[in-house]
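A short write-up of the structure that comes next.
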Amino acid sequence: MPRGRDRTGSGRGQAPRHSEKRKPQAKSVLADSSEPHGRHLQPSDVRRLLAGIGQPEPGPFKPDPFQIEALAALEFEDVLVTAPTGSGKTWIAQEEIRRLLREGKRAWYTSPLKALTNSKYQEFSEEFGAEQVGILTGDRKENPDAPLIIGTTEIFRNQLFDSLRGGNEVRGDLVVLDEAHYLADEDRGHVWEEAIILTPPRIRLLLLSATIGNAEEFAAWISEVRGVHCGVVPGPKARPVPLRSAFLLPDKRLIPLLNESGKLNQEIAQMGERERERERDRDRDRGQRPWRGRRR
Amino acid sequence: MKIKMPEMPPATLVTALGFYNLLPAIVFMPTRRRCDQAASEAAFTRRDPNLERVEARREFMRDFVAEHPEVRGHRHWNTILRGGVASHHAGHIPAWKLVIEKLMSAGLLDTIFATATVAAGVDFPARTVVLTGADARTGSGWRMLTASELQQMTGRAGRRGKDNVGFVVAAPGLHQDPEAIAKLLKASPDPLVSQFRATYTTLLNLLDAYGSFAPIREIAEKSFAHRESAAAIAKLEAQRLESEKTIEQKLKAAGCELSPAVALGLERLVSARERLQQNQPQTRAELLRSWLDKVVQPGRVVGIGRSGRRLVLVTQRRNGQVIGMREDGRRASFPLERIGPVYAPVYQVKEETIEETFDEIRERGKSLIIPEPRLRDARCEESGSLEIIDRQIEAIVPASLDEEQRKICHESLWASLPDAESFERAVRQIEVLRTEVWEPFEQRARVLSEFGYLDFGAEQVSDRGRWLADLHVDRPLLIGEALEKGLFASLDKIRIAAVMAALASDEDRDYGELELDDAVVETLAQFEEIGFKVSTEEWKHGVEPAPELNFSAAATAARWVSGVEWATLVTETRAEEGDLFRMLSRTVEALLQVAGLAKVHPEAASTAAATAEILLRDPVR
């Protein structure tokens, strides 16, 4: 417990009251205790808010049902996976690529950002062996004949153009479009649409997207323009790690943002109400003295 | 429900989060500068007390520098080392962002102050995500966060395998709105909205592939954007067929043997007649107004009021108001309706000649007045046309039919007029919807045709257009024209880098204020000249204007080609490293595109390749 903390306050859980800003060295050591102190002094809603914080027991990796579902669906149709970042979309792509490479088939993995392309290149090289993976971006070209090509979506689209114009056929049995929601990007989104429309139907499409409001409509469109059914596999309804929301007050007290029935915490609502009253008072004052600020 | 609260000092915030065991955290801030400030301030006022961790960071960063020498001596080095906090945004070079991401996943950082860009792209989670407001900053001000943006942000809260729970914390801030955040947390994600558009590159590639416009039109109509229109078109198509069938049935039922096409012909004649009648001026005032609208133009003298004794030389017409000069030289503004006589001569609008102008009008007066139109004349003119249409309507049923058949047909044709109208309406709406998608392509095709990259009439890409199709840059036509005009062939490395940087950079961004030498300025001026020709042609065909050249990017790229150290470039330009990095890296990409044109533009291609190689040195890799 930080020394010097005033414990005679309201009895609610209180954050330390340091004036770190003025006297840096002296207080910072005290401030960094990572134990949540004075827990017994916290009201029950705050206790509930903070319950169970910490690190889970390590367990063996087990694929999530949605990952299995996506892999199964890929056997006979295109698939649109919509799930937030970090929920394991890449794992699906990786496993499907692993299977294809084992069968001597080829795949493309496209992403919108060069940074992502570079890190995926490294990741997949480590996973599948450097000789199996190539990279194509605007300023980088390595191992371009490898069975797995990592590249920007633009480069992939350009290859589609080339093959339509009588160049080499796009070789591949699978195309993964990572961050497929970039289709809505103002500047570059059209490239994604062109890629989807122009990819030959014989090539399987796997689209990985953040959660979007119209996944079904999007997939229906893909099915329509490509003539191959595109299934939607939504990520798990519950987040991989549950999320709780809180509000930090200026006096450093932490309170839940929502109450148990999911409504805005009464205390916060009252703060807003008081703020609104002050505004009304200010407006009324101005109304009563209209000459104010007009004449000098 | 905004609750304005002063923002917490960053160190206080970090300490408070630590107190509740909510670290590590990502704190979202509205601007890059605020991130940097918050990190430095937090590190200054709150040293990491865990000396082992400080040592672990030191070691980690030492190893990292061995692989990425460009982060050595970074100005935020000590912030990270001592404070265990960092700022992360697009203003930093990728290597620096990488070291922060790696430190974070190694558990060696307490807090990252970041702009929303962290939310998109690289995956690096924390236990807690802190929002200091419910607003997002855009180029043109503030707006509310969208549900998807907030979801991207909260997606960073809770590390798989490391956290049982993740947190999103609304912290005090001037733009804080807990109610809005609570609402957004529950909102369903935003729908994906298509941004499909026409580009020169797509058009040239597809035309070269298919050899005609029709398949390109088909592809454009397949776009996600057009999906709704496509559904609407299908519905209209059904409506069109339905109307045609109804007409057929009505004629048949009545015993008329004419085809539905005749009913459609009648509809066209009838609606033409209606339009003609509507356009006809019905009253004298209407007639007068439309006449004044035609004859009152800058340079003409008019009289005000019916008497028309006060004379005004018209200088301007603006939103129905007429602006002009009075005889005493003062300005006058009045509505069109107040004008009486209008004098025929058109004078120059010049102050020196104004006296002569009014003198002449006063002298020759009445003989110069343009006669006002008369309602009867106007009506007479139009009624001639009406008569012709009426005759055609009469003749729509062939004279060869017998009297009885003609009567039946006339009646049933008129009875099916509403169906014919609905048929025509559907056809027109289908045309509008289809034009909407295709028009931007057609406009671009016309522009390319003007410059000889394709033949619009023959629907063929020219040889020139074939290499332009391969040039994957933001503004292919401008670069293509510069190549065609031989401008690139004469450039040295510095100037070619400057020109490409001026094009590849963000239009409004400031990349420093380095001095441009005369040779570069001259080249940029020549380039602008070509750019002007291109955009004039684009403007003529309704293609939106391209952004302007960025001179500050040109100067910075020229300096980088000349071989200065990165640190020098950063100090001299005082621009943000991340911006410099992106601009130079995009310049390299554009140069490599030109370098690919070795067959058609060998000199330009080889200079571009050599220049790209020079630009591509650490940290621009």
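Would you please give the residues with an amide H less than 5 Å from that of B:ARG310, counting only those at least 5 places away or on a separate chain, with H modeled from the backbone geometry?
B:ILE304
Which far-off residues, 5 or more places away or on another chain, put their amide H under 5 Å from the one on B:ALA136, with H placed in the peptide plane?
B:ARG143, B:MET144, B:LEU145
If you average 1/r over all unlike Cα pairs in the range B:353-469 and invert the result, what Kirkwood radius do you get in angstrom? Before the final figure, lay out the partial values.
Numbers: mean 1/r = 0.0458 Å⁻¹.
Its Kirkwood hydrodynamic radius stands at 21.8 Å.
Between 0 and 90 degrees, rounded to the nearest ten: what's the tilt of helix B:10-19 against the longest Cα principal axis of chain B?
Orientation of helix B:10-19: about 70 degrees from the principal axis.
With a 10 Å Cβ neighbour count serving as the proxy for reagent exposure, in which order, fewest first, do B:HIS88, B:HIS601, B:HIS410 appear?
Numbers: B:HIS88 25, B:HIS601 21, B:HIS410 16.
Listed from fewest to most nearby Cβ atoms, that is B:HIS410, B:HIS601, B:HIS88.
Report, to the nearest 10°, how far helix B:260-279 tilts away from the longest principal axis of the Cα atoms in chain B, using its own Cα long axis and a range of 0 to 90°.
Long axis of B:260-279 versus the principal axis of chain B: about 90 degrees.
Trypsin sites (Lys or Arg not before Pro), restricted to the range B:546-593: which are DSSP loop and have at most 11 other Cβ atoms within 10 Å? It would help to have the intermediate numbers written out before the result.
Working: sites: B:ARG559, B:ARG574, B:ARG582, B:ARG586; in loops: B:ARG574.
Passing sites in the range B:546-593 are B:ARG574.
Using the alpha-carbon centroid of each, what span in Å lies between the range B:518-571 and the range A:47-89?
Using only Cα atoms to place each centre, the spacing works out to 48 Å.
Using only the Cα atoms of the range B:158-223, each taken as one equal point scatterer with no solvent, compute I(q) by the Debye sum, divide by I(0), and report log10 of the ratio at q = 0.18 Å⁻¹.
-0.80
Checking a compactness column here: for the range A:245-289, what do you get for Rg(Cα) / (2.2 N^0.38 Å), N being the number of residues?
On the way: Rg = 14.4 Å, N = 45, 2.2 N^0.38 = 9.3 Å.
This ratio for the range A:245-289 stands at 1.54.
Average partner chain C-beta neighbours within 10 Å, per residue of A:172-182? Can you show the working numbers first?
On the way: counts 0, 0, 0, 0, 0, 0, 0, 2, 1, 6, 3.
Other-chain Cβ atoms within 10 Å of each residue's Cβ, averaged: 1.
Report ³J(HN,Hα) in whole Hz for each residue of the range B:305-321, in order, from the Karplus equation J = 6.51 cos²θ - 1.76 cosθ + 1.60 where θ = phi - 60°; Gly and Pro get x.
x, 4, 5, x, 7, 7, 9, 9, 8, 6, 10, 7, 10, 9, 6, x, 8
Going by average Cβ density within 10 Å per residue, which order do the peptides A:105-116, B:519-530 take, highest to lowest? Don't jump to the answer; show the numbers that get you there.
Working: A:105-116: 21.9, B:519-530: 17.3.
Highest mean packing first, the order is A:105-116, B:519-530.
Arrange A:GLU224, B:GLU589 by Cβ neighbour counts within 10 Å, fewest through most, would you? Write out the running numbers ahead of the final one.
Working: A:GLU224 15, B:GLU589 22.
Ordered by Cβ neighbours within 10 Å, fewest first: A:GLU224, B:GLU589.
Could you tell me how many degrees, from 0 to 90 and to the nearest 10, lie between the Cα long axis of helix B:200-210 and the main elongation axis, the longest principal axis, of the Cα atoms of chain B?
Between the helix axis and the principal axis of chain B, the angle is about 70 degrees.
If you average 1/r over all unlike Cα pairs in the range A:164-224 and invert the result, what Kirkwood radius do you get in angstrom?
About 12.6 Å, per the Kirkwood formula over Cα pairs.
Quantify how strongly other chains surround peptide A:232-244 by giving the mean number of their Cβ atoms within 10 Å of each of its Cβ atoms.
On the way: counts 0, 0, 0, 0, 0, 0, 0, 6, 8, 12, 7, 10, 8.
Neighbouring Cβ atoms belonging to other protein chains average 4 per residue here.
Once the dipole of the protein assembly as shown is set up with Lys and Arg at +1 and Asp and Glu at -1 on Cβ about the Cα centre, which of B:LEU487, A:ASN143, A:SER125 lies farthest towards its positive end?
Toward the positive end, the furthest listed residue is A:SER125.
What does the average come to when, for each residue of peptide B:41-50, you count the partner chain Cβ atoms lying within 10 Å of its Cβ? The partial results should precede the final answer.
On the way: counts 1, 1, 1, 3, 11, 10, 7, 3, 7, 3.
Rounded to a whole number, the mean comes out at 5.
Please express the shape of the range A:65-234 as an equivalent ellipsoid: the semi-axes are the square roots of 5 times the eigenvalues of the C-alpha gyration tensor, given largest first in whole angstrom. List each step's numbers first, then the result.
Working: eigenvalues 94, 69, 52 Å².
One finds semi-axes of 22, 19, 16 Å for the range A:65-234.
Suppose we keep just the alpha-carbon trace of the protein assembly as shown; what are its Rg and Dmax in angstrom?
Rg, Dmax (Cα atoms, Å): 35.6, 114.
Can you pull the Rg over Rh of the range B:473-615, Cα-only, Kirkwood? Don't skip to the end; give the middle numbers.
Numbers: Rg = 14.4 Å, Rh = 15.1 Å.
Rg/Rh: 0.96.
Among the lysines, select those whose C-alpha is under 18 Å from the C-alpha of A:LYS62, and discard any that sit fewer than 8 residues away in the same chain.
Answer for A:LYS62, where 18 Å is the Cα cut-off: A:LYS89, A:LYS237, B:LYS162, listed by chain and number.
Report, in debye and to the nearest 20, how large the dipole of the protein assembly as shown comes out about its Cα centre when Lys and Arg carry +1 and Asp and Glu carry -1 on their Cβ.
Values: 129 positive and 138 negative charges, 1002 e Å.
For the protein assembly as shown, the charge dipole is close to 4820 debye.
I'd like the isolated cysteines in chain B, meaning no second cysteine's beta-carbon lies under 4.7 angstrom from theirs.
B:CYS35, B:CYS380
Past 25 Å, Cα to Cα: identify those pairs from A:LYS252/B:LYS2; A:LYS141/B:LYS485; B:LYS245/B:LYS407; A:LYS114/B:LYS102, in the order given. Please report the intermediate quantities before stating the final value.
Values: A:LYS252/B:LYS2 19 Å; A:LYS141/B:LYS485 31 Å; B:LYS245/B:LYS407 22 Å; A:LYS114/B:LYS102 18 Å.
Flagged as over cut-off: A:LYS141/B:LYS485.
Give the span of the range A:121-180's Cα atoms along each principal axis, as three whole-Å numbers ordered largest to smallest.
The Cα atoms of the range A:121-180 stretch 35, 25, 24 Å along the principal axes, largest first.
Calculate how many DSSP beta bridges within the protein assembly as shown are antiparallel, expressed in % of all such bridges and rounded to the nearest 5. Show your work: numbers first, answer last.
Details: 32 of 80 bridges.
So the antiparallel bridges in the protein assembly as shown amount to around 40 percent.
Calculate the length of the line joining the C-alpha centroid of the range A:128-168 to that of the range B:5-27, in whole Å.
45
In debye to the nearest 20, how big a dipole does the range A:65-234 give about its Cα centre with +1 on each Lys and Arg Cβ and -1 on each Asp and Glu Cβ? List each step's numbers first, then the result.
Working: 17 positive and 28 negative charges, 83 e Å.
Taking the Cα centre of the range A:65-234 as origin, the dipole is about 400 debye.
Once you charge only the Cβ atoms, +1 for Lys and Arg and -1 for Asp and Glu, what is the size of the charge dipole of the range A:245-289 about its Cα centre, to the nearest 20 debye? Can you show the working numbers first?
Working: 11 positive and 10 negative charges, 41 e Å.
The calculation lands at about 200 debye.
Compute for the range B:284-377: radius of gyration divided by Kirkwood radius, i.e. Rg/Rh, restricted to C-alpha atoms, rounded to two decimals. Mind showing how you got there, number by number?
Values: Rg = 12.6 Å, Rh = 13.3 Å.
Taking Rg over the Kirkwood Rh, I get 0.95.
Using every pair of alpha-carbon atoms in the range B:10-186, split the distances into 5 Å bins beginning at 0 and state the percent of pairs per bin, rounded to integers.
1, 8, 18, 22, 21, 15, 8, 4, 1, 0
Specify, per residue and in Å³, the volume enclosed by the convex hull of the alpha carbon atoms belonging to chain B.
Working: hull volume 173.0 nm³, N = 621.
Taking only Cα atoms, chain B has a hull volume of 279 Å³ per residue.
Run the helix sum for the protein assembly as shown: -39,500 (n - 2.57) per DSSP H stretch of 4+ residues, divided by residue count, reported at 222 nm to the nearest 500 deg cm²/dmol. Before the final figure, lay out each step's value.
Numbers: 32 runs with 442 residues, N = 917.
Estimated from H runs of four or more residues: -15500 deg cm²/dmol.
Laboratory data are not the source of any read-out in this text; all were calculated from the coordinates shown. Small disclaimer: the values here were computed from a predicted structure and weren't measured. All Cβ positions, even for glycine, are placed from backbone atoms using ideal geometry, and neighbour counts span all protein chains on display.
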